[in-house]
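In what follows, a single structure is set out as structure tokens and then discussed.
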Amino acid sequence: MSERIYDLHCHSDQSDGILSPEALVSRAKSNDVTVLALTDHDTTKGLARAAAQAKKEGLTLIEGIEFSCQWLGRGIHIVGLNIDSSAPDLCDAVEKQENLRQERAEIIAQKLEKLGVENALEGARQQAGVGGVIGRPHFAQYLVESGYCKSVAHSFKKYLGAGKPGDVKQVWPEFEPMVAAIRSAGGIAVLAHPNKYKLTRTKLRAMLEDFKEIGGEGIEVVSGKQELNATRDMAMLAQQFDLLASCGSDFHVPNAPWQELGKFSRLPDNLAPVWSHWE
Ligand code: AMP
Ligand code: MN
Ligand code: MN
Ligand code: MN
């Protein structure tokens, strides 16, 4: 049998990705991915369509989600892998998160309004599309299209990024109930992109300790195209905390070379991969 290629973190247009669930699966297939997890932010809306397309194209679709939550007031992402998206407690949690996203969007829009940006809520909703959950990237696209900012990067720098008015994270729950919801749906909770939180080593270790204690079982050792040093570093944490290792592109849009489906370095051999949980 030929080698399996796993990509366990990506986004469709049901959250802040560009591609439909079908197009996402097709692109993964073209890139030789054999096992794909769709992990949209705080929604499972794209999973059924992705699974149907995966069946047509002969690859394995793992049901996933990326939950927004907090740890000690910091915004943190927890990926749930191999969930049963119809499990009642998970459905409840997802519904709450979708509502929180809507509430948060209203708060962000009010803040932008005070800074002179008009119609931000309507603009972001249009960017999110029918049924899509609203995220900061949709505000960023609106800010660009309506001429307030010259690029998405500029929108984040000026309005939406860490510490800026549009960076509203206080609405999100602590990570404990999100891990519980994932576990109750038979899934495995994975700390997403640990090296992107700009935490000191001491803080990151403290977070991992708490994460383990509440039932977290995995860590993303490889997130998109990252430095070899980062991979070594995350691998060491996986071993020290006895966590299963995950890997994914965190793909959102085509033509962003640092986040292409299936294109990232392999997990180091000495780790227990997260798929040992379900295979
Ligand atoms: P949200 O989930 O609404 O808080 O938005 C966070 C998302 O915004 C992340 O998942 C990324 O897709 C995107 N993002 C975060 N920071 C930036 C940035 N500086 N430039 C572009 N996109 C970003
Ligand atoms: Mn995103
Ligand atoms: Mn994330
Ligand atoms: Mn993501």
Going through region 244-258 in order, the residues found to be within 15 Å of ligand 1 (Cβ to nearest atom) and of a type in the set (A, V, I, L, M, F, W, C) are 251, 253, 256, 258
The residue that is farthest from ligand 1 (Cβ to nearest atom), considering only those in region 222-243 that are open to solvent by 70 Å² or more (accessible area, probe 1.4 Å) and of a type in the set (Asp, Glu), is 242
Before we move on, is residue 266 farther than 26 Å from residue 181 by Cα and either among the acidic types (Asp, Glu) or away from ligand 1 (no atom under 16 Å from the Cβ) (or both)? yes
Subset of region 109-130, residues modelled with pLDDT under 95 and open to solvent by less than 40 Å² (accessible area, probe 1.4 Å), comes to 129
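Residues checked against (1) open to solvent by 20 Å² or more (accessible area, probe 1.4 Å); (2) charged (D, E, K, R):
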position	(1), (2)
143	no, no
149	no, no
154	yes, no
167	yes, yes
178	no, no
183	yes, yes
186	yes, no
196	yes, yes
208	no, no
Quick count over region 244-260, residues being surrounded by 19 or more Cβ atoms within 10 Å (Cβ to Cβ) and farther than 14 Å from residue 18 by Cβ, is 5
Within region 40-63, the residues that are in contact with an Asp or Glu (Cβ under 8 Å, 6 or more places away or on another chain), surrounded by 22 or more Cβ atoms within 10 Å (Cβ to Cβ) and small (Gly, Ala, Ser) are 46, 50
Checked against (1) modelled with pLDDT under 95; (2) closer than 15 Å to residue 65 by Cα, residue 188 satisfies every condition except (1)
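The values are calculated or read from the model by the stated rules, or taken from the named source; none is laboratory data. From a predicted model like this one, the values you see are computed outputs, not experimental measurements. Positions of Cβ are generated from backbone atoms using ideal geometry, with glycine treated the same way; all protein chains shown enter the neighbour counts. Quick note on the areas: whole protein, heavy atoms, side chains included, nothing else; ligands and nucleic acids left out. Shrake-Rupley method; radii C 1.70, N 1.55, O 1.52, S 1.80 Å.
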